[in-house]
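K.L.:
Take a look at this one; I'll ask things after.
The values are calculated or read from the model by the stated rules, or taken from the named source; none is laboratory data. It should be emphasised that the depicted structure is a prediction, and the values quoted were computed from it without experimental measurement. Note that each Cβ is placed from the backbone with ideal geometry, even for glycine, and that neighbours are counted across all protein chains shown.
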Amino acid sequence: SNVSDTFPPPCSLYHCLQPPLPHSLPALASLIAQTERSWPCHSVVQQCLARPFVPAYRAPERGDPQVVARRIAEGVSILADRLHRLPYAYPHWHPFDPAAYFDLYPEQVPALVRIDRLGATLDVTLYADLLSPAFRRAERFWATAFCPACFAAGQDDAFEQHFQQRTLPAMQRRLQEAREEIARVWEWLYQRGDIAFLAVSAALDERITHAHRLPEDDPSLIDLYYNLPTLTLSRSYDILEMIRTS
């Protein structure tokens with residue numbers, strides 16, 4: 001098997017060329033902390049997730065929080081299981097099709113899947129926070145309302161007042177709703193003892209990835225940030241080992 005035929009190039013052009021996009025709750029929180037440097041802001045939800053997910057990944061937009069969390073958790077569990085079984089399937093694809101393998105529409109792949117290759121190591125990351133309706137609402141509000149209002153606030157006192165009194169509290173409320181929803185999902189998967197999820201959970205790595213955007217002189221914010229939950233999944237694979245055992 002030709003490795004270059006089976007595996008994608010080292011970096012997805014989408015991820016290389018786009019400005020920072022909030023694919024996860026830690027990413028969103030870090031971009032909110034430096035919104036003035038993120039302008040113009042772009043929404044990954046608007047760009048890639050206009051079409052609903054397939055039913056296996058679809059949770060109610062509203063309703064009983066526990067029911068919503070369970071539905072999200074079921075979708076995350078499917079993604080974690082497929083990530084766990086990836087070494088057995090990957091070498092048989094020429095080339096690998098993440099949309100088909102993870103049961104996503106092609107335009108959703110850049111939002112949820114990141115595949116990087118360095119030498120013989122393949123890193124696959126799944127941004128499963130995007131399965132959370134509350135997170136999608138927060139991300140969309142950040143790009144379409146919070147960022148423009150923050151930019152305008154720096155130009156005019158009236159806009160500044162509106163930003164402080166209306167837009168900022170609305171953003172904080174949506175961020176809190178996303179945090180609570182994702183935390184409920186995490187707790188559901190943990191209590192169920194979902195081995196595949198626990199094996200590929202990348203919560204700490206995802207927080208570390210985006211921590212550089214936080215102001216260094218605000219230890220309380222940094223402490224709050226490092227307690228943010230995330231459903232981000234990631235696993236590294238040895239390409240040659242996968243081919244040998246296929």
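K.L.:
Can you name every residue in the stretch 69-116 that is surrounded by fewer than 20 Cβ atoms within 10 Å (Cβ to Cβ), among the β-branched types (Val, Ile, Thr) and under 15 Å from ASP194 (Cα atoms)?
P.N.:
ILE78
K.L.:
Do we find that GLU180 is modelled with pLDDT of 90 or more, out of contact with any Cys (no Cβ under 8 Å at 6 or more places or on another chain), surrounded by fewer than 16 Cβ atoms within 10 Å (Cβ to Cβ) and part of a helix (DSSP H, G or I) in this structure?
P.N.:
yes
K.L.:
Something else now. With respect to ARG244, determine if the residue is of a type in the set (Lys, Arg) and within 23 Å of the chain's Cα centre (by Cα).
P.N.:
no
Here's the yes/no breakdown for (1) within 15 Å of ALA69 (Cβ to Cβ); (2) surrounded by 20 or more Cβ atoms within 10 Å (Cβ to Cβ):
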residue: THR125; (1), (2): no, yes
residue: PHE159; (1), (2): no, no
residue: MET171; (1), (2): no, yes
residue: VAL185; (1), (2): yes, yes
residue: SER201; (1), (2): no, yes
residue: GLU206; (1), (2): no, yes
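K.L.:
Just to be sure I understand, how many residues within the stretch 61-81 are assigned to a helix (DSSP H, G or I) and modelled with pLDDT under 95?
P.N.:
0
K.L.:
Note down all Cβ pairs under 6 Å where the first residue falls in the stretch 40-68 and is in contact (Cβ under 8 Å) with a residue 24 or more places away in the chain and under 23 Å from ALA99 (Cα atoms), the second is charged (D, E, K, R) and not in a helix (DSSP H, G or I), and they're at least six residues apart or on different chains.
P.N.:
So the pair list comes out as VAL54/ASP103.
Listed here are the residues, each with its yes/no results for (1) closer than 20 Å to SER24 by Cα; (2) outside any helix (DSSP H, G or I); (3) touching a residue at least 60 places away in the same chain (Cβ under 8 Å); (4) not basic (Lys, Arg).
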{"position": "THR144", "(1), (2), (3), (4)": "yes, no, yes, yes"}
{"position": "CYS147", "(1), (2), (3), (4)": "yes, no, yes, yes"}
{"position": "CYS150", "(1), (2), (3), (4)": "no, no, yes, yes"}
{"position": "PHE159", "(1), (2), (3), (4)": "no, no, no, yes"}
{"position": "LEU175", "(1), (2), (3), (4)": "yes, no, yes, yes"}
